[in-house]
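Structure record follows, encoded as structure tokens.
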Amino acid sequence: MKKKIIIGYIFCEKKIGKDEKSFIKITKKKNIDLILFNISKKMNEKEIKEKAKKCDIIFNNSAEEFVYEIIKTIEESGKKVVDSSRAYYYIEDKWMTFLKCHNHKIPVPDTILLSENLLIAKEELIDFKKWPIILKRIEGCCGDYVEKANNLNDALKIIKKFWKKRDKMPIIAQEFILSPSYRVTIIGKKIVQTAVKNGPGWKKTGIYEKNNKKFKIDKKLKKIIEKLIKTIKINVCGIDLLKKNNKWVVLEVNTTPGLDFFENERDKLVKEIINLLIKMVKKN
């Protein structure tokens, strides 16, 4: 008799959300067992490892920072998590994304890493000579710890504010590019969705916007994305892009991308993820 595939699913919600309902529905249709890891509930190391032992593969759908430790705990028990802790600690780091792209000649906004010494950071910003600029903590999602500075005084105030909120987490300074934000969702090296992220003001996170539009992938962008996928090696991600002088630039690469840009496509994306997980299990 053929062994039933068991998929683990990490999330962080007080109750079952739309993504979870979709995963439950589709795994049931495919005759796959789904084991839920809700990290908002009380779970100790032993319980996590016991649940993980039953799974063939585990998918993470939580963007909470706490999840990194859960993923590492599961990986230490010998189980594969999609995506791995490496993706979160390396590619999710905005400075490392810039370096990876820059080193592989993938177009990105001009960016510098600021010193944790405020006086040196001030000199670096003066040398950078790009106003306005965007200041970002190297980690963060949904537009958190991302602010625009119109001048040096603004920049120094923002840096102090970021450090006050959470120690001296490294900060990058990036040229400000006035452009819509374009999201490309990748599942298993395949482009599965595009969306123009709308939103109030210059910060286009797309979180609250319900009227997102699709856009077509032109030849130049397809080439950039193919090169980027080979470089970053993430199984499921969202690539954010801007247009600078009518040319594409990669802004960020996000693990655990939102599946809700188009409500009628949520199930389609979930199916793509589940098919990828099945393929990975069978490959192993």
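Kindly check whether there is at least one residue in the range 54-75 that is of a type in the set (Asp, Glu), at pLDDT below 95 and surrounded by 19 or more Cβ atoms within 10 Å (Cβ to Cβ).
Filtering the range 54-75 for residues of a type in the set (Asp, Glu) gives 56, 64-65, 69, 75.
In the following step, the residues that additionally are at pLDDT below 95 were identified as 64-65, 69.
When the remaining residues are screened for being surrounded by 19 or more Cβ atoms within 10 Å (Cβ to Cβ), the result is none.
No - not one qualifying residue is present in the range 54-75.
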query: Looking only at the range 96-127, which residues are touching a strand residue (DSSP E or B) at 6+ places or on another chain (Cβ under 6 Å), surrounded by fewer than 18 Cβ atoms within 10 Å (Cβ to Cβ) and of a type outside the set (D, E, K, R)?
result: PRO107, LEU113
message: Pairs please, first residue from the range 271-283 and closer than 12 Å to ASP56 by Cα, second anywhere and modelled with pLDDT of 95 or more and among the aromatic types (Phe, Trp, Tyr), Cβ atoms under 8 Å, 6+ apart in sequence or on different chains.
response: LEU277/PHE59
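Hey, could you check the range 203-232 for residues that are at negative phi and modelled with pLDDT under 70 and say which is surrounded by the most Cβ atoms within 10 Å (Cβ to Cβ)? Full working, then the answer.
Taking the range 203-232 and keeping what is at negative phi, we get 203-205, 207-232.
Narrowing further to those that are modelled with pLDDT under 70: 203-205, 207-211.
Values: LYS203: 14, LYS204: 21, THR205: 19, ILE207: 12, TYR208: 8, GLU209: 16, LYS210: 10, ASN211: 6.
Top of the filtered list is LYS204.
Somewhere in the range 233-249, is a residue in contact with a strand residue (DSSP E or B) (Cβ under 8 Å, 6 or more places away or on another chain), farther than 25 Å from ASP33 by Cβ and surrounded by fewer than 16 Cβ atoms within 10 Å (Cβ to Cβ)?
In the first step, residues of the range 233-249 are kept if they are in contact with a strand residue (DSSP E or B) (Cβ under 8 Å, 6 or more places away or on another chain); the result is 234-243, 248-249.
Those still in the list that are farther than 25 Å from ASP33 by Cβ too: 234, 237-243, 248-249.
Now drop any that are not surrounded by fewer than 16 Cβ atoms within 10 Å (Cβ to Cβ), which leaves 243.
Yes, the conditions are met somewhere in the range 233-249.
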Pair list, Cβ under 8 Å, 6 or more apart: the range 232-248 residue touching a residue at least 60 places away in the same chain (Cβ under 8 Å), other residue basic (Lys, Arg) and crowded, with 18+ Cβ neighbours inside 10 Å: ILE232/LYS100; LEU241/ARG183
query: Any residue at all in the range 17-25 that is in a helix (DSSP H, G or I), without any contact (Cβ under 8 Å) to a residue 40 or more places away in the chain, out of contact with any Asp or Glu (no Cβ under 9 Å at 6 or more places or on another chain) and over 30 Å from ILE172 (Cα atoms)?
result: yes
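Of all strands (runs of 3 or more DSSP E) completely enclosed by the range 42-159, which ones contain at least 3 residues that are more than 18 Å from CYS12 (Cβ to Cβ)?
Details: elements: 57-60, 111-113, 133-137, 146-149.
In the range 42-159, the matching strands (runs of 3 or more DSSP E) lie at 111-113, 133-137, 146-149.
The values are calculated or read from the model by the stated rules, or taken from the named source; none is laboratory data. Everything numeric here is computed off the predicted structure, so don't read it as measured data. Because the Cβ atoms are built from the backbone with ideal geometry, glycine has one as well, and the counts that use them run over all protein chains shown.
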